Structure formats: structure tokens, C-alpha cells
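Just so it is clear, none of the values below were taken in a lab; they were calculated from the coordinates. Please read these numbers as outputs of a predicted model, since none were measured by experiment. Every residue, glycine as well, gets a Cβ built from its backbone with ideal geometry; the counts of neighbours run over all protein chains shown.
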Amino acid sequence: MKNQRSNRAQRPERPASALPADSLAFSFSRAAELVEAVLGGANLTEVFEAMLARHADWSDATRGAVRDLAWGTLRDYGRGDAVLRCLLHKPLPEAIHALLLVALHRLETRPEQAHTVVNQAVEAAAAMMAPLKGVVNAVLRNRQRNAAELDAELGADQAAYYRHPPWWVERLRASFPQDWEAALAAGNERPPMGLRINRLRGGVDAYARELEELGFACRRLANDALVLAKPVAVAALPGFAEGRVSVQDGGAQWAARWLDLVPGQRVLDACAAPGGKSAHILETAAVELLSLELDPVRSRRIADNFARLGLTGEVRTVDCRAVAKWWDGRPFDRILADVPCSASGVARRHPDIKWLRRADDIGRFAAQQAEILDALWPTLMPGGKLLYVTCSVFDEENTRQVARFCARHPDALRIDIDGRPESQLLPDADHDGFYYALLAKRA
């Protein structure tokens, strides 16, 4: 897989007019386009959003089917890729290779539909590259006939077995000798759907009862996040348009609590998009909030979130490291530094990350994080607190990053979080992977 953006994602779509839009073959073909783009280095979310923008007429069912197939295929890419290495004797066109990955994923997850899966994959191949429909049929049937032998081979292939790159597996194994396999397994599952209740517009218990009355079972986490037993469409959530609730992972909802907010404080969210943590801060306490974001499109999303939730905060589009461009010299009581990172803790939501990242990317992220921390520290008042956050599970971005920062800044004091010097959340059934460390500036 290439480690750079490819202009494949900007190519015109292959015509699929011969396939009914409500057919599995149609969903296979469109999911394969997304997978092909990612294999060329494109961002999965971006190419999917671009596809949807071109097809406003698609039904919710079609959108959901294409998304589920593409995301699932890429979560399982390590396994699908290994299968094709065993079954293919010469390279196929990238479009057909991607189609086979999608069909293999469906065979694994829906074995009871094997006949339909093969038939519909062949139909998709016929619409895409008719001369190769026989090859698609042969490969998929070989996978079925030789299942036991292939599965034995896959068990010895680390990427196929864990569905993560080997370098990723080894880093987790070294850092979390007791929990690494559970974290990898969770990273291959569909993510939970967490909800954050806007306390300015209602209580958590009341909203939970409302969900239960609608038949949406949920559980409440220690930080008051609600996790749905099964995901639902956002439009089905009561009061979403009115700003009563937001979709936010339960692990992300610790930030506002651990910032130790007090009304009247001056607070900075330095890397704020898409704005969930900023909004949670404003829902938690009546503070003066400044939210910074480098990307203009993502900055607009923060403002849109504030508008839906009825919140007031200042949003500026600027690189937080360029302090002279945005800081007025008034120090902050609290700073949230939710820094850019490998996103290794949220890879099940963005499965392209597992296959586009490289081991040497982590050092580059760590260098950027250090620059951000060093730039922000002078803007924190003595006695103030900075909460360092990543959605990473790699030590270089987390524990070691904070240790290096404290070594450079003798006025930085580590503060325990719930009785621990730091909090590393690994992906599980309740939340994604996050890292938190709380620092105070000595007075």
C-alpha cells in the first residue's frame, strides 16, 4: 500500500449504471472504489464524503451498505491481502483486486450468504471489467474450497491474524504486555456509539429513559457518557437538531472533567476541531473559551457545533504554534492540548490509518507535539493547568512525550488523574483509545 495521497481518488467514477442501486453488486463496486483509493494512499473519509456529494440521490440504505463494506474491508485488510497473496499467481488490475478484497470480507463476515456473495461479486466484475468476471468467480470459489488450508496459513501470518501491521503489533506488545491482544481485537471491531448529553438542556438520567422508551438500549459510563447497545442514525436521536445531545466517544468525554473547570476561567482549546471537546467545556462551566484550528473547513465545523448546541465561544483559524498571531498576552487558567497524533487509538473508526501509517511516522508526530507543547506553555498562567491529550496508544506520543516535556520545563508539575500519574485508555467495548496527562505550572 502506498504511503501517499493518490490522484486516483479524483478520477471519474467507473460507470455502474447496469447495476441496480439497491443490489449488493452495486455496493460491492462502490466500496471497491473506496478501497482502491485508500490502497493508493487516499484518506477514506475524504473519498467517501466526495462520493456521497456526487450521489445525493442514494438512499440511506445504499450509503450505509457502501460504508459498512469499505470500512469493514479495511479493518480486515491484513487478512484479505494475505488471502489474495495465496490465491493469485499474477497481479490483477487494482479495481478488481479491491473488489476481491471487499467480497472476501463479506464471505468471512456473512458465510451463510456465500452463494449470493460470489454471484454478486461476479456481477460487479462484469459491470467493471467484464473479461475478468471469471477470474473473480474462480478466486472466490478457491477461497471456499481451500478454506481449511488457507486458514492454517493465515494463522502464521501476523498481519493476517491480528489484522494490524506487524510494527504496530510489536509496539503494543512491548508497551502493554497484559492487554495488547485485547486492544488489537477491539481495534478490529465496529466502534461503540457514545453520546454526550448537553447538561444545559437536560439531564443524563432523563435522556437515558427517553432512549429506552424509544427502544434504544444504552449504558452509562463513569463520566456520564451514554453508550448505545446498537448504533442508530443521528436523526433518530431525540433532540439532536435542538442541541440536546451530541455524538462523542465515551473516552473523549473525560477531557472536560479532568480540566477541573471553574466558572469565569479563561480556557484555550488549542487544536479544537471538530469541536466536541470545546462544546463539552462550554456545557460544563461558564468559561471564556478560545478554540483554535488550523484548517478553515474544520474551523467552520466547530462554529456549526456551537450554533446547534446554543453555545458561545470564540473560534479562530490559526496554527496554535504561531502564538504571536493569536495570543493577546492574557494567560489562560486552563489549556486543552488535544494534539495531532497517529490516531492509533481510533483506527477502528478510520481503518485506513492502520495501513497508511508507517513506523517512522510516529517520530514525526512526536516532534510536532513537542513543538505545540513548548509553544503553548508560556500562555498558561502560574498555577494553571494544561491537559495533554492524544487519541494514540503509542508510548512515544504519550508517556515519553510528557516525560521529555517535563525534563525541558522544570516549572511543569505532574498532577495525578484519578489517583494515577496518567490515564491510558485502550480501545474496548465502551470507548476508543486515548491518553491523558495533567500538568500544572508552578507558581
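What to note about this one:
- Label point at Gln368 placed 7 Å out along Cα→Cβ; residues across the stretch 236-278 whose backbone nitrogen lies under 16 Å: 270-274
- For the chain, a Gaussian network of Cα nodes joined below 10 Å ranks Leu228, Leu69, Leu92 by mean-square fluctuation, and the top entry is Leu92.
- Using only Cα coordinates, the Kirkwood hydrodynamic radius of the stretch 227-353 works out to 15.6 Å.
- Alpha-carbon Debye profile of the stretch 272-428, log10 I(q)/I(0) at 0.09, 0.15, 0.18 Å⁻¹: -0.31, -0.91, -1.32
- Kirkwood-based Rg to Rh ratio, the stretch 201-298, C-alpha trace: 0.99
- Stretchable slack from Val234 to Asp260, in nm (0.36 nm times residue separation minus alpha-carbon distance): 6.4 nm
- log₁₀ of I(q)/I(0) at q = 0.13, 0.17 Å⁻¹ - the stretch 151-273, Debye sum with one point per alpha carbon: -0.74, -0.97
- When the listed pairs Lys230/Lys277; Lys325/Lys354; Lys277/Lys354; Lys354/Lys441; Lys277/Lys385 are checked against a 28 Å cut-off, the alpha-carbon distance exceeds it for Lys325/Lys354; Lys354/Lys441.
- Mean-position separation - Cα centroids, the stretch 217-277 and the stretch 124-199, in angstrom: 30
- Seen from every direction in turn and averaged, the convex hull around the alpha carbons of the chain projects onto 22.2 nm².
- Springs join every pair of Cα atoms under 10 Å in this Gaussian network model of the chain, and among Arg316, Arg79, Arg330 the largest mean-square fluctuation is at Arg330.
- Compactness of the stretch 9-108, taken as the C-alpha radius of gyration over 2.2 N^0.38 Å, stands at 1.03.
- Taking 0.36 nm per residue of separation and subtracting the Cα-Cα distance, full extension of the segment from Ala359 to Glu181 would add 62.2 nm.
- Relative packing of peptides 299-307, 205-213 - highest average C-beta neighbours within 10 Å first: 299-307, 205-213
- Charge context of Met381, other residues only, Cβ under 12 angstrom, K/R +1, D/E -1: +4
- Taking amide H positions as modeled 1.01 Å from N, with prolines and chain starts lacking one, the residues under 5 Å from Phe332 and 5 or more places away or on another chain are Leu380, Met381.
- Note on Ala324 and Glu46: with the Förster distance fixed at 30 Å, the Cβ-Cβ geometry gives a FRET efficiency of about 0.40.
- With a simple spin-label model that places each label point 7 Å from the Cα along the Cα-to-Cβ direction, the separation between His89 and Ala443 comes to 7.9 nm.
- For the stretch 350-402, the fraction of C-alpha pairs more than 14 angstrom apart is 60%.
- Highest mean packing comes first when the peptides 416-429, 260-273 are listed by Cβ atoms within 10 Å, giving 260-273, 416-429.
- Contour excess over end-to-end distance, with Cα ends at Arg300 and Ala56 and 0.36 nm allotted per residue: 85.7 nm
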